[in-house]
Amino acid sequence: MTYVAPALKGKFESLSEGLRNMILERNTQINTMQDFIKVLEDIVNEAEQEDN
């Protein structure tokens, strides 16, 4: 189950529903801004690989 730290909930909630769902499907821990950025970078990198 994905965990988003309370301090980052606002940023998480500001994302599109689709992007939030992609993050939730990863079953990851988002405790810091660095964790948040990393999961977003991973999603972008995966999407770029799918386009190739």
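In summary, residue 47 fulfils each of the numbered conditions (1) within 9 Å of the chain's Cα centre (by Cα); (2) open to solvent by less than 50 Å² (accessible area, probe 1.4 Å) with the single exception of condition (1).
Considering only residues that are in a helix (DSSP H, G or I) and open to solvent by less than 50 Å² (accessible area, probe 1.4 Å), look in the stretch 1-36 and name the one that is farthest from residue 47 (Cα to Cα). The extreme case among them is 8. Against the conditions (1) on the phi > 0 side of the Ramachandran plot; (2) in contact with a helix residue (DSSP H, G or I) (Cβ under 9 Å, 6 or more places away or on another chain), where does residue 12 fall short? Just the number, please. It fails just one condition, (1). Pairs are defined by a Cβ separation below 7 Å, a sequence spacing of at least 6 or placement on different chains, a first member in the stretch 15-32 that is touching a residue at least 24 places away in the same chain (Cβ under 8 Å), and a second member that is outside any loop (DSSP other than H, G, I, E, B) and charged (D, E, K, R); the pairs so defined are 29/35.
The values are calculated or read from the model by the stated rules, or taken from the named source; none is laboratory data. Keep in mind that what you see is a predicted model, and the values were worked out from it rather than measured. Positions of Cβ are generated from backbone atoms using ideal geometry, with glycine treated the same way; all protein chains shown enter the neighbour counts. SASA here: full protein model, heavy atoms, side chains in, ligands and nucleic acids out. Shrake-Rupley method; radii C 1.70, N 1.55, O 1.52, S 1.80 Å.
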